[in-house]
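Notes follow once the structure below has been shown.
Taken together, the values in this text are just the output of simple stated rules run on the coordinates, not laboratory data. Predicted model only: the values in this text are computed from it and were never measured. Every residue, glycine among them, receives a Cβ derived from its backbone with ideal geometry; neighbour counts consider all protein chains shown.
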Amino acid sequence: MSYITKAGVAAAALFGATLSAQAAEITLRIASVNPPTALSVQIAEEVAARITERTEGRIAFQVFPSAQLGTTTDSLEQASQGLPIITFTSASFMSQFGVPELATVEGPFAISGAEEGQTLAFSPLMQGYYDTLAEKAGVRVLALNWFDGARHMIGAAPYPEPAALEGVKMRVPPVETWLNTFEPLGVVATTVEAAETYSALQQGVVTAAEAPITGLQASKWYEPAKNITLTGHFNLFLGWVTSEAVMQSLTEADRSILMEEFRKGGEELTQQSIEKEARIKAEFEAAGVTFHEANLPAYREATASFWENWPAGTYDAIRAAATGK
């Protein structure tokens, strides 16, 4: 199956990218749809500086935030063409490129938190998915351990039990992982762009949504919706991928440096997100937000049908890889 589109071909022509296997120096373009103020972009810049130093200038970088090089899909197409580009993405997004199993790690309650996520991201199970992705799409994962926090529910009311969501108009992205998780809970899944969700909550178009705590601070959804239920239903495996052809053009030593530093960057972002979340919760409470605990065993049971869409044993394999057992 080919994942190369006309956009990718045009990008290849634009950048004139033919890499020699003997290339000793290369400039990699770091592309993200996030703004330069995003923690992921800021840490990526630090990672880039460390790599350039460790490789004694053999690998240099240019950073292009705010979708300057196009959408995430555009950047992935460029990477698959062999262009020297690194882009920010997620496991679910990458699952569209010939490895549908990558979506499972972002399924409901697949992991209990960032510590398990770090273990799973570099497990033999995930490495197998990464290798298949490189073979089928020409895209190599550098690290998918840039966790920005578990996702929780926010709304006009608390949702401590799954039954409380029955009939609730909830902002749910039109993504299979989300739909297969929330529709069994009885919500009225409603598609609303992220930028429009604040007004949708304010006007009652939807009465609930979900996001990580750090994301809720940036979006300010906590202003029209004052109840946050700590479900922790999803943890997105975010991070960076690049061209497999580019990786193979580097020396083994430089490939190792690239992988090591992007993994370290993910660990840094994860820790900073955890620390930031604690501060944000205090700010939210001061602004009148109430946090509610959720009946997590009940939520796990209510969303178990998600795993019926996958081969038997998928969930157990993920849990074993995440816990190292």
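Summary table below
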{"item": "Cβ-based exposure ranking for ARG171, ARG255, in which fewest neighbours within 10 Å come first", "result": "ARG255, ARG171"}
{"item": "Cα gyration tensor category, rounded, prolate or oblate, for the range 102-179 with a/c compared to 1.5", "result": "prolate"}
{"item": "Gain in span if fully extended, LEU125 to GLU252, counting 0.36 nm per residue against the direct Cα distance", "result": "43.5 nm"}
{"item": "GluC sites (Glu not before Pro) within the range 180-225: DSSP coil, no more than 16 neighbouring Cβ in 10 Å", "result": "GLU193"}
{"item": "Helix 252-286 vs. the chain, principal-axis angle (Cα, 0 to 90°, nearest 10)", "result": "20 degrees"}
{"item": "Taking LYS325, LYS226 and counting other C-beta atoms within 10 Å, the order from fewest to most", "result": "LYS325, LYS226"}
{"item": "Helical mean residue ellipticity (222 nm; -39500 (n - 2.57) per DSSP H run of 4+; nearest 500) of the chain", "result": "-13500 deg cm²/dmol"}
{"item": "Largest to smallest principal axis extent of the C-alpha atoms in the range 198-244, angstrom", "result": "47, 21, 17"}
{"item": "Cα-based convex hull volume of the range 27-127 per residue, rounded to whole Å³", "result": "130 Å³"}
{"item": "Under 18 Å from LYS325, Cα to Cα: aspartates and glutamates that are on another chain or at least 8 residues apart", "result": "GLU115, GLU116, ASP316"}
{"item": "Point-to-point label distance, SER199-ALA320, nm (Cα→Cβ direction, 7 Å offset)", "result": "5.1 nm"}
{"item": "Qualifying lysines (Cα of each under 21 Å from Cα of LYS220; at least 8 residues distant if same chain)", "result": "LYS169, LYS276, LYS281"}
{"item": "Anisotropy class of the range 231-325 from Cα gyration tensor, a/c 1.5 cut", "result": "oblate"}
{"item": "Rounded to 5, the percent of DSSP beta bridges in the chain classed as antiparallel", "result": "50 percent"}
{"item": "Answer label for semi-axes √(5λ) of the Cα gyration tensor in Å (calculated), chosen among [x] 35, 27, 18; [y] 35, 21, 19; [z] 50, 29, 18", "result": "[y]"}
{"item": "Nearest-0.05 FRET efficiency for PHE291 and THR37, computed from C-beta distance (R0 22 Å)", "result": "0.25"}
{"item": "C-alpha center-to-center spacing [the range 139-178, the range 244-304] in angstrom", "result": "14 Å"}
{"item": "Using alpha-carbon coordinates, inclination of helix 194-203 to the longest axis of the chain, degrees", "result": "10 degrees"}
{"item": "Simple label model, 7 Å out from Cα along Cβ direction - ALA163 to GLU176, nm", "result": "3.3 nm"}
{"item": "Spacing of the two label points (7 Å from each Cα toward its C-beta) at VAL188 and ARG279, in nm", "result": "3.9 nm"}
{"item": "Highest average packing first - 144-152, 132-140, Cβ atoms within 10 Å", "result": "144-152, 132-140"}
